[in-house]
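Coordinate-derived values only; no laboratory data. Note that the structure is predicted; figures quoted are calculated from it, not measured. Positions of Cβ are backbone-derived with ideal geometry, glycine not excepted, and every protein chain shown enters the neighbour counts.
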Amino acid sequence: MIVGYDYHLGKGRAGNFETLKELGAKHNFSVDRLDPVSIEDAVVSSTRIRDLVQAGHVWPVRPLLGRFYQIKGEVVHGMNRGGRLLGFPTANIKLVDELFPKPGVYAIWVEIDNKAHMGVANIGKNPTFGNDALSVEAHIIDFEGDIYGRDIRVHFVQRIRDEKKFSGIDELKERIATDTALGRQILSQPEAEIRLTKADFANGSRND
Ligand code: RBF
Ligand code: MG
């Protein structure tokens, strides 16, 4: 068994690494402990990563995770407004109990069938239309196809802006076109490249 540097166990975190070692000696398993890892002068921890994600700082999270922050979900039917009304169809992702970044617009990679597509995501309540429900939706750039009911994975690369209430559909459309252009630009940078390899699978960076 391998545990982290701050591992505890039992009621009130009463047990520690030594306790586990004793248990290992008794029940015949070996126990090892990893040292803390620091990046940018601070220890890498799940709390630090969650705080950054919830603040929308998805780009600085990458070195801590060794990959982009990602969520996975089923594509469900939304308001059916994106394509028809705005000319920017979006894949609405069914929300499960998963941490997602602060509402706003993001440059993303959308993984479908092990292939990465450029995209822009909006997380929010679509105030232009006075919705109540929070949605996570992805406009997948240069993509056509029916993906309802399929699982896709969204890798968050960089935050672009806050969500806002526009005075009308044309203003919103124009802004989404700008977001899409920015998304392309961001994702074309060599630093924003994504690798979807079997190795990612093997090293446990995928949580499915
Ligand atoms: N809706 C808003 O009300 N305000 C926004 O700032 C906003 N930004 C968006 C940015 C992008 C890149 C995308 C794809 C959608 C955005 N939307 C925004 C959501 C839009 O209202 C929604 O896609 C349609 O209403 C269809 O559900
Ligand atoms: Mg949609």
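The table below gives the values:
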read-out: Top positive-direction residue, dipole computed over the chain with Cβ charges, set Ala133, Asn114, Ile39; value: Ala133
read-out: Region 100-157: Cα Rg divided by the 2.2 N^0.38 Å rule of thumb; value: 1.16
read-out: Computed label-point distance, nm, for sites Thr178 and Arg48 using a 7 Å Cα→Cβ extension; value: 3.5
read-out: Angle in degrees between helix 169-188 and the longest Cα principal axis of the chain, rounded to the nearest 10; value: 50
read-out: Per-residue ³J(HN,Hα) for region 78-89, Karplus 6.51 cos²θ - 1.76 cosθ + 1.60, θ = phi - 60°, Hz, x for Gly and Pro; value: x, 7, 6, 10, x, x, 5, 8, 9, x, 10, x
read-out: Net charge, Asn126 excluded, C-beta distance under 12 Å - Lys, Arg +1, Asp, Glu -1; value: +1
read-out: Over region 27-151 - Rg/Rh using Cα atoms and the Kirkwood inverse-distance radius; value: 1.08
read-out: Extended-chain gain in nm, criterion 0.36 nm per residue less alpha-carbon gap, Lys115 and His8; value: 34.5 nm
read-out: Centroid-to-centroid separation of region 124-184 and region 14-62 [C-alpha atoms, Å]; value: 35
read-out: Above-threshold pairs, the threshold being 32 Å between Cα atoms, out of Lys11/Lys94; Lys72/Lys164; Lys26/Lys72; Lys94/Lys164; Lys11/Lys102; Lys94/Lys165; value: Lys11/Lys94; Lys26/Lys72; Lys11/Lys102
read-out: Projected label distance in nm at Ile39 and Glu163, using a 7 Å step from Cα toward the beta-carbon; value: 2.7
read-out: Within the chain, helix-based [θ] at 222 nm, where runs of 4 or more DSSP H residues each add -39,500 (n - 2.57), nearest 500; value: -7500 deg cm²/dmol
read-out: Average Cα contact separation per residue, region 74-136, under 8 Å, 6 or more apart, as relative contact order %; value: 25
